[in-house]
Amino acid sequence: MQGRVQLSNRFFLNCVSPVIPVIWTGSCKLRPGAAGARVEIDAVANAPLPSPRRGGWIAPREPSLPQPRRFWIRTFGCQMNVHDSEKVENLLHHAGYEAATDPSVADLLILNTCSIRAKAEHKLYSDLGALRSWKAQVAGRVIGVGGCVAQQQGDAILDRFDQVDFVFGTHNLRRVPALADAALSGQRAARTNASASLDRFDLPERHPDLRSATPGRAFLTVMEGCDRFCSFCIVPTTRGREISRPASGILDEARRLAEGGACEITLLGQTVNAYGRHDLRRGKAEARGTMPFAELLANLDALPGLERIRYTSPHPIFFDDDLVRAHGELASLCPHVHLPLQSGSDRILQAMRRGYTADEYRAIAAALRAARPDLAISSDLIVAFPGETEADFDATLAVVEDVGFADSFCFKYSPRPGTQAAERAERVPEAEAQARLERLQALQARLRLAGHRARVGETTEILVEGPSRRGGRQLRGRDPSHRLVNLADGSGLRPGDLARVRIVEATPHSLIGEALGRGAACAPRGKLHDGVKAGPGPADALRGAEPSGGQPVGATG
Ligand code: 5AD
Ligand code: SF4
């Protein structure tokens, strides 16, 4: 039997013919609303339809009624992961899914995972255990796992966890809607093939329903992957080789973000200031449409509407004179650099394969401060790397003190299977590692508070993010140096506003300010201001080791 159908909703892979509902069992490349698809009818279903999970049928819960499926995304790890979740969210909106207001009303739950340290990976496994009951509560619910753990483990996750329906790797975000569609119709699959193609940057426009985690602020990917292979780090395995996106796409996206109401963008990349370097070295920058990172920043600075530009995370060895100079010249480039040090011991830096010495790091910090005297520097630090002695650790404390980090993320070394350092036998005993971590954190806390106290009386400008964790009518926001400022009385201000504030008090984790009025106009209020999330939203970030203020850790570097 043959017939013509009108596709009603490709996500259920069902179609409505003029006379009878048609259940489509093959893969379906057509879009909802596409009329006149010719189909071959090869079986006739008697009610009730077979269960979508068991039989060969692909059946919706309500066969002929299109019903939007609702998703919830839980994100672990760095800002790159947070942004990947936004990309997935956007793709799902384009595919007709809706964001759930809460996991309890979601049909599809996606975990975007992190494997940078063992703790993050274990959190995934315990969450997956707990999600069994979430799944059992409503028939037809599905779970997808993406991100770095997914990239590494692929379909082993499907074998190990029968509650997981699909797995997608870090290069396979565009496949999520198809994987979700298939999962909702009972098919389990993993897609984790690494790709060297620029296709992954080719994503649809921001969907009107995509809500902004922080109004007025947006992430923008400029490069991905890492070729450095630091001996402790799993990222080159999970994120693949360095690849830079053509500048035209970056500038177009930045322009659109600004038009949509973003006044602050954060450029993302695993080694963000390595942007374009391979193309330049091979003489292919023009052909591939890339340029030196400092030039990209200058082009972004020239765009109207962008008040603030940030980037994370740079690698110390990719700071050239032009990039240092840019910090003194570009008005919109924020006076803050998150510059991972990892260790202050030359011996350990060498064992980590970082490519610089402690004094070279100090010199970069000094050059940046010479170009921009008010520049705040924050960092990532690892204690108890294999073989780290008390003297090595003291050398780390010395650099932290000399450079005077405004803040830092401090981690205990965590062996990652497959990395060079994981093979090393000289482990620092756990009690010693913990004691070093606490000493480092205490030093950082002292420096942070001293930095905060020095700012009392200053006037600055914050981008209002939302309600303060301190409760009441307080609002929180970040100043250009990325310090968290709580406003005792935020009356008249809304998330996404730029506000002039006077710092009136210093606390260990934030500054307290009083509002003086609105700051520079933050572009016309557009999509990036609408639908502000109250509390965690569908791309709920599960934050790990945080410096003050609860920002997800920078995107490596
Ligand atoms: N153990 C502990 N910390 C690590 N990081 C990366 N790999 C490890 C590891 N194996 C830290 C680094 C990096 C940050 C994102 O995470 O400090 O900059
Ligand atoms: Fe690359 Fe940064 Fe990991 Fe080193 S620490 S391998 S530079 S992502």
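Bear in mind that the values in this text are calculations on the coordinates, not laboratory data. All figures in this text were calculated on a predicted structure; none of them were measured in a lab. A quick note on method: Cβ atoms are made from the backbone with ideal geometry, for glycine too, and the neighbour counts reach across all protein chains shown.
Would you work out the relative contact order for segment 292-414, in percent, from Cα pairs under 8 angstrom that are 6 or more residues apart?
For segment 292-414, the relative contact order is 25 percent.
Under 5 Å between amide hydrogens, which residues at least 5 positions from His336 or on another chain qualify, with H placed 1.01 Å from N in the peptide plane?
Ala376
In whole Hz, with x marking every Gly and Pro, tabulate ³J(HN,Hα) for segment 455-462 from phi via Karplus 6.51 cos²θ - 1.76 cosθ + 1.60, θ = phi - 60°.
9, 4, x, 6, 10, 9, 10, 10
Taking the mean number of other Cβ atoms within 10 Å as a proxy for protection, how do you rank 241-248, 448-455 from highest to lowest?
241-248, 448-455
Which Cα, out of Thr238, Thr221, Pro292, lies furthest along the positive dipole direction of segment 201-297 (beta carbon charges, K/R +1, D/E -1)?
Of the candidates, Thr238 comes out farthest on the positive side.
In whole Hz and in residue order, list the ³J(HN,Hα) couplings for segment 121-130 that follow from phi through the Karplus curve 6.51 cos²θ - 1.76 cosθ + 1.60, θ = phi - 60°; x for Gly and Pro.
My calculation for segment 121-130 gives 5, 5, 4, 4, 5, 6, 4, 5, x, 5 Hz in order.
Under the 0.36 nm per residue contour assumption, what length would be gained going from the current alpha-carbon distance of Thr389 and Ser491 to full extension?
Full-extension gain reported as 31.5 nm.
Find how much the distance from Arg470 to Ala445 grows on full extension, using 0.36 nm per residue of separation minus their present alpha carbon separation; answer in nm with one decimal.
The Arg470-Ala445 span can extend by a further 7.1 nm.
Whole-Hz Karplus ³J(HN,Hα) for segment 478-490, in order, using 6.51 cos²θ - 1.76 cosθ + 1.60 and θ = phi - 60°, x for Gly and Pro?
Per-residue couplings from phi come out as 10, 8, x, 7, 6, 6, 7, 10, 9, 9, 4, 9, x Hz.
Relative to a virtual label point 7 Å from the Cα of Glu430 in the Cα→beta-carbon direction, which members of segment 394-422 show backbone nitrogen distances below 17 Å?
412-416
Using alpha-carbon pairs under 8 Å, 6+ residues apart, how would you state the relative contact order of segment 346-434 in percent?
Reported as a whole number, the value is 32 percent.
Gain in length, Arg353 to Ala139, computed as 0.36 nm per residue apart minus the alpha-carbon separation, to one decimal in nm?
Taking Arg353 through Ala139 to full extension adds about 72.0 nm, to one decimal.
Would you grab the residues whose amide H sits under 5 Å from the one on Thr507? Only those 5+ places off in sequence or on another chain, please, with H modelled 1.01 Å from N.
So Thr507 has HN proximity to Ile512.
With an 8 Å cut-off on Cα pairs and a minimum separation of 6 or more residues, tell me the relative contact order of segment 100-184 in percent.
29 percent
Amide H to amide H, which residues 5 or more places from Phe411 or on other chains are under 5 Å from it, using H placed in the peptide plane?
Leu381, Ile382, Val383
Quick one: dipole size for segment 323-458, taken about the Cα centre, charges +1 on Lys/Arg Cβ and -1 on Asp/Glu Cβ, in debye to the nearest 20.
Here segment 323-458 has a charge dipole of around 320 debye.
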